[in-house]
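The values are calculated or read from the model by the stated rules, or taken from the named source; none is laboratory data. Keep in mind that this is a model prediction, so the values were computed, not measured. When we count neighbours, we look across all protein chains shown, and the Cβ atoms used for this are built from the backbone with ideal geometry, even at glycine. These area figures cover heavy atoms from the full protein model, side chains too; ligands, DNA and RNA do not enter into them. Shrake-Rupley method; radii C 1.70, N 1.55, O 1.52, S 1.80 Å.
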Amino acid sequence: MSRPAGLDARVALTLGRLDLDVELQVGAGEVVALLGPNGAGKTTLLRALAGLAPLAEGRVTLDGDVLDEPATGTWVPTERRPIGYVFQDHLLFPHLSALDNVAFGLRCRGERRRRARRAAGEWLERLGLAAHARSHPRALSGGQAQRVALARALAPRPRLLLLDEPLAALDAATRLDVRAELRRHLADFDGARLLVTHDPLDAMVLADRLVLVEDGRVVQSGTATDISRRPRTAYGARLVGRNLLAGRMVGTTVRLHDGGELHVAGRHPSGSLVHVSIRPGSVALFRTPPDGTPRNVWSGAVAALEHRGDRVQVDVAGPIPVVAEVTTEAVADLGLCEGAPVWVGIKATEIDVYAA
Amino acid sequence: MLVGLAGLAVAFVALPFVGLLQRAPWSGLPALLARPLVAEALGLSLSSALAATAISVVVGVPLAWVLARHDFPGRALVRALVTLPMVLPPVVGGAALLFALGRQGLVGRWLETQFGILLPFSTAGVVVAQTFVALPFLVVTVEAGLASGDPRYEDAAATLGASRWTAFRRVTLPLVAPSIVAGAVLCWARALGEFGATITFAGNLAGRTQTLPLAVFLALEDDRDAAIALSLVLVAVSLAVLVALRGRWFARL
């Protein structure tokens, strides 16, 4: 029987106020993005996988090899784990050239100086950095430094690659280019890849699968499509820009925990707990009570307006607080401003209902 | 007002040197400096200070690393102990060394019976006394350098397969090199000027334990001109080192 390829881990530890307990699988060849707010424990999880923070409980196995298991006293030190780590601020050694930075890992794994530098040169060339081989890190741009860091992590041929906020240190202009490049380079690597980010777009572009972490726990995991259609937490809903409400199914309506009812089209057993998610674009706004079509209608008041490109996000306070997204013309037509009364209409068929 | 006070401070520091220069027997200087006593004292001072600095670097840098990177019970105590010689009167340090490493001392007796080593009143004793008072200057400087650096560089090295020793040698050391240089200069300067601990522990034997400061002190009694000449040598050597290392040294301290 072949051994399971990739990372299989349960990491449990406490560090200061963080109480982390996360189960995680990343198959060989898979890219998983760990998404979560600041302080959720994402970086700590990466450090634990790399052996830079010890587990209190759990187990880390990579391609079937146990790297850390407190229960059996198994512990492979960081320098002997086949894991590459791209740090958030790159941490390129400032006293070494780009070439020697990349050669560092190969030298540590016993490669001779000449061969290590030749291999490092090939890595830099592959990443389009041949011209910068002799440059020291402070002479590199953010995007170049990021690629050197990637080359340095990949050169010793790890079986798991960890990337901590790979795009966070870059300015907005270079970010797009680097993201596209990173996607390409990640595709070339055949091991397991785990990246940490707080940007949902980065996660969706770069990863096959998303894992949402909040307060040290996995709250949801799935493909980008899953999570954007069916967020399970307020944080997840905010990430994908959806309204999220929770309630109990009663016939064909959902009685919301925070008050109010919504008529829905989906069928769920009566009495079951459900999540309700609504795209802001599906929330219609009217100046007067609309007649006919929408099943769900109520009146509220505009709480806030925010411009997003050619659309405007409207927070509507009322019996059921929702966020609507309308065109800029609609804002003028409806005379929307903070405090203005407004009618809300949502079609039953526009509401996603799923088990909580 | 502030500028006036600053000027006063400069004058206060400069005045003794002016006094020294004004009393210098310039015409007789070459003859004074040519005396074997001077050359001996100077040679002994330079070499013993260099040896004390070398020992301090070899043991002090790892000590600074341990203090900066590892949290262990009693760390504050160890740190206080290491810096104690900075505030202690050197004579007290010398006396303590005598009780520990002297013929009748705790370790001294063992050293003599086991290895036939006698530290007090020997050139090696001079180096020991100087190391005792000068080591803290190196440790404190290097520890500050390590503390201001990012310990995650060592993490990065570990993820690339570097053992702790390799990471220390190839990453940590080069990154704190400026602090080590600065610390070594301070350490050397302190060792060069050492007087109290040396005279207490190693005595004042011409050619063996009589360093420049000791020679100056002795000469002040019976040969003022020689004392001034020796002092000038000490000032010149110190100044030369400061100027040579000015860039690194003043930039960091």
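Looking at segment B:144-170, which of the residues that are without any contact (Cβ under 8 Å) to a residue 12 or more places away in the chain and in a loop (DSSP other than H, G, I, E, B) is surrounded by the most Cβ atoms within 10 Å (Cβ to Cβ)?
Per the stated criteria, the residue is B:Leu160.
Just the residues that are out of contact with any helix residue (DSSP H, G or I) (no Cβ under 7 Å at 6 or more places or on another chain) and either free of Cβ contacts under 8 Å to residues at least 24 places away in the same chain or part of a helix (DSSP H, G or I) (or both), please, taken from segment B:171-208. Can you show your working first?
Taking segment B:171-208 as the starting set, the residues that turn out to be out of contact with any helix residue (DSSP H, G or I) (no Cβ under 7 Å at 6 or more places or on another chain) are B:173-174, B:177, B:203, B:205.
B:Leu173, B:Pro174, B:Ala177, listed by residue number.
With respect to A:Ala131, is the statement that it is open to solvent by 30 Å² or more (accessible area, probe 1.4 Å) and either closer than 21 Å to B:Ala158 by Cβ or among the polar types (S, T, N, Q) (or both) true? Please lay out each step first, then the result.
On the way: open to solvent by 30 Å² or more (accessible area, probe 1.4 Å): yes; either closer than 21 Å to B:Ala158 by Cβ or among the polar types (S, T, N, Q) (or both): no.
Spelling it out, it is not the case that A:Ala131 is open to solvent by 30 Å² or more (accessible area, probe 1.4 Å) and either closer than 21 Å to B:Ala158 by Cβ or among the polar types (S, T, N, Q) (or both).
For a quick check of your reading: which helices (runs of 4 or more DSSP H) sit entirely within segment A:98-214 and have at least 2 residues that are closer than 30 Å to A:Gly36 by Cβ and away from chain B (no Cβ under 12 Å)?
A:142-154, A:172-188, A:200-206
Can you tell me which of A:Arg209, A:Arg217 is in contact (Cβ under 8 Å) with a residue 40 or more places away in the chain, more than 11 Å from the chain's Cα centre (by Cα) and assigned by TED's automatic domain parsing to the domain that holds A:Thr14?
Values: A:Arg209 fails: more than 11 Å from the chain's Cα centre (by Cα).
None of the other options fit; the residue is A:Arg217.
Quick one: which residue in A:Val331, A:Val323, A:Val316, A:Val297 is of a type in the set (Val, Ile, Thr) and open to solvent by less than 20 Å² (accessible area, probe 1.4 Å)?
On the way: A:Val331 fails: open to solvent by less than 20 Å² (accessible area, probe 1.4 Å); A:Val323 fails: open to solvent by less than 20 Å² (accessible area, probe 1.4 Å); A:Val297 fails: open to solvent by less than 20 Å² (accessible area, probe 1.4 Å).
Going through A:Val331, A:Val323, A:Val316, A:Val297 in turn, the sole match is A:Val316.
Could you give me the residue pairs with C-beta distances under 6 Å whose first residue belongs to segment A:62-85 and is more than 14 Å from chain B (Cβ to nearest Cβ) and open to solvent by 10 Å² or more (accessible area, probe 1.4 Å), whose second residue is part of a loop (DSSP other than H, G, I, E, B) and not hydrophobic (A, V, I, L, M, F, W, C) wherever it lies, and which are 6+ apart or on separate chains?
A:Asp63/A:Arg159; A:Gly64/A:Arg3; A:Gly64/A:Pro4
Taking segment A:13-60 as the region of interest, how many residues are in a strand (DSSP E or B), among the aliphatic types (A, V, I, L, M) and buried (at least 18 other Cβ atoms within 10 Å of the Cβ)?
If we filter segment A:13-60 for residues that are in a strand (DSSP E or B), which is where we start, we get A:13-15, A:18-26, A:31-35, A:57-60.
From what is left, the residues that are among the aliphatic types (A, V, I, L, M) are A:13, A:15, A:18, A:20, A:22, A:24, A:26, A:31-35, A:60.
Cutting the leftovers down to buried (at least 18 other Cβ atoms within 10 Å of the Cβ) gives us A:13, A:20, A:22, A:24, A:26, A:31-35, A:60.
Qualifying residue count for the region: 11.
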